[in-house]
Amino acid sequence: MFRWVLAMVIGAQAAAADQVVLVEQAARAAFGGLPTVQRVDQIAGQCGADNSVNQIAVYCTTTNQILLVRDAVEAPQTPYMLAHLYGHAVQVRHGVADFALGQIRQRRAEEAMLRGLVTRQVECIAGFIVARAGTGQMDLNSLFTTEPFTGSHWGRDPLHIGPEVSIGLAARADWFARGQQGDLAACAPGEFTADLLLDALNR
C-alpha cells in the first residue's frame with residue numbers, strides 16, 4: 001500500500017513538472033522574444049526583489065527572464081503561474097505594455113481601471129498558452145482560495161516597486177477560462193484590443 005501511495009505522489013509531482021515544461025514550450029513557440037525560465041533557490045535578492053515580492057515566480061523584464069523557485073515546480077498551481085508571467089511577457093515584448101503605460105500616464109485618475117484591463121488580458125493570454133500546452137483545463141477557483149498575483153511579480157529591476165493590482169479571483173478565473181477556449185482574439189477587455197497580440201502570434 002505504501003509503495004502504491006508513494007508511486008502516486010511521485011507520478012503527480014512528475015506530471016506537474018512536465019506541465020511546467022509544456023507551458024514554457026507552448027509560450028515560446030506561440031510568440032517570439034519571450035523569456036526563458038530560470039529555476040532558482042529563492043526570489044528575494046534577484047532582480048531587485050525583496051520579501052514583499054512574489055516568492056514563487058516572477059518576470060524580470062530587465063533580463064527578460066522568468067525566475068521560478070525550484071521547490072514550487074511540482075505544485076499544481078505552478079503551470080498557471082508560469083503562464084500568467086508569460087502573459088505579461090507577451091504584452092511587454094509586443095507593444096501592449098508600452099501602449100498601456102502611455103494611457104496610464106495620460107489618465108492617472110483611471111489608473112486602477114486601466115491596470116485592471118491589462119490584468120484581464122494577461123489572464124486571457126495565460127489561458128490561451130495553457131490551451132496550447134495541452135495540459136488540460138484548469139480552473140483558478142479550484143487552484144486558489146484567494147486572488148493570486150496581487151502583489152509585485154513583474155517589471156524592471158528593482159522588482160519590489162512593481163505594480164500591485166487586484167481584480168478579484170472571479171474576474172481572473174473568468175478571463176483565464178476565456179483564453180483556454182483557444183481564441184486569442186477574445187483577449188480584448190474594454191479598450192485593449194487583441195490586435196497587437198494577433199500580430200505577434202506565430203500562427
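Selection of the range 119-148 for residues being β-branched (Val, Ile, Thr), in a helix (DSSP H, G or I) and farther than 13 Å from residue 166 by Cβ yields 122, 125, 129, 130.
Report, by residue number, each residue of the range 48-76 that is among the acidic types (Asp, Glu) and part of a loop (DSSP other than H, G, I, E, B). The answer is 50, 74.
Among the residues of the range 32-62, those identified as among the β-branched types (Val, Ile, Thr) and either surrounded by fewer than 13 Cβ atoms within 10 Å (Cβ to Cβ) or closer than 18 Å to residue 163 by Cβ (or both) are 36, 43, 53, 56, 58, 61, 62. Residues that are among the small types (Gly, Ala, Ser), modelled with pLDDT of 95 or more and touching a Lys or Arg at 6+ places or on another chain (Cβ under 7 Å) do occur in the range 28-40, at least one of them. For the range 65-78, how many residues are more than 21 Å from residue 141 (Cβ to Cβ) and within 14 Å of the chain's Cα centre (by Cα)? Number of matching residues: 4. Please verify whether residue 68 is touching a Ser or Thr at 6+ places or on another chain (Cβ under 8 Å), open to solvent by less than 30 Å² (accessible area, probe 1.4 Å) and at pLDDT 95 or above, treating the condition exactly as stated. So residue 68 fits the description; yes. Among residues of the range 52-68 that are closer than 15 Å to residue 82 by Cβ, those with a Cβ under 6 angstrom from a residue that is of a type in the set (Lys, Arg) and open to solvent by 30 Å² or more (accessible area, probe 1.4 Å), sequence gap 6+ or separate chain, pair up as 68/39.
Is it true that residue 104 is in a helix (DSSP H, G or I) and either over 12 Å from residue 83 (Cα atoms) or open to solvent by 30 Å² or more (accessible area, probe 1.4 Å) (or both)? Yes; evaluated as a whole, the condition is true for this residue. Out of 155, 127, 162, one residue alone is in contact with a strand residue (DSSP E or B) (Cβ under 6 Å, 6 or more places away or on another chain) and open to solvent by less than 20 Å² (accessible area, probe 1.4 Å). It is 162. Restricting attention to the range 172-189, report how many residues are outside any helix (DSSP H, G or I) and of a type in the set (Lys, Arg). Selection size over the range 172-189: 0.
Hey, any hits in the range 77-99 for a residue that's of a type in the set (S, T, N, Q), open to solvent by 10 Å² or more (accessible area, probe 1.4 Å) and part of a helix (DSSP H, G or I)?
Checked the range 77-99: no residue is of a type in the set (S, T, N, Q), open to solvent by 10 Å² or more (accessible area, probe 1.4 Å) and part of a helix (DSSP H, G or I).
Scanning the range 107-124 for residues that are open to solvent by 10 Å² or more (accessible area, probe 1.4 Å) and of a type in the set (Asp, Glu), we see that the one that is nearest to residue 83 (Cα to Cα) is 111.
With respect to (1) on the phi > 0 side of the Ramachandran plot; (2) under 14 Å from the mean Cα position of the chain (by Cα), the lone exception for residue 120 is condition (1).
Between 135, 150, the distinction of being touching a Pro at 6+ places or on another chain (Cβ under 8 Å) and open to solvent by 20 Å² or more (accessible area, probe 1.4 Å) belongs to 135 only.
The values are calculated or read from the model by the stated rules, or taken from the named source; none is laboratory data. Since this is a predicted model, take the numbers as computed values, not measurements. Reconstructed Cβ throughout: ideal geometry from the backbone, glycine too, with neighbour counts over all protein chains shown. Each accessible area value is taken on the protein alone, full model and side chains, heavy atoms only, with ligands, DNA and RNA left out. Shrake-Rupley method; radii C 1.70, N 1.55, O 1.52, S 1.80 Å.
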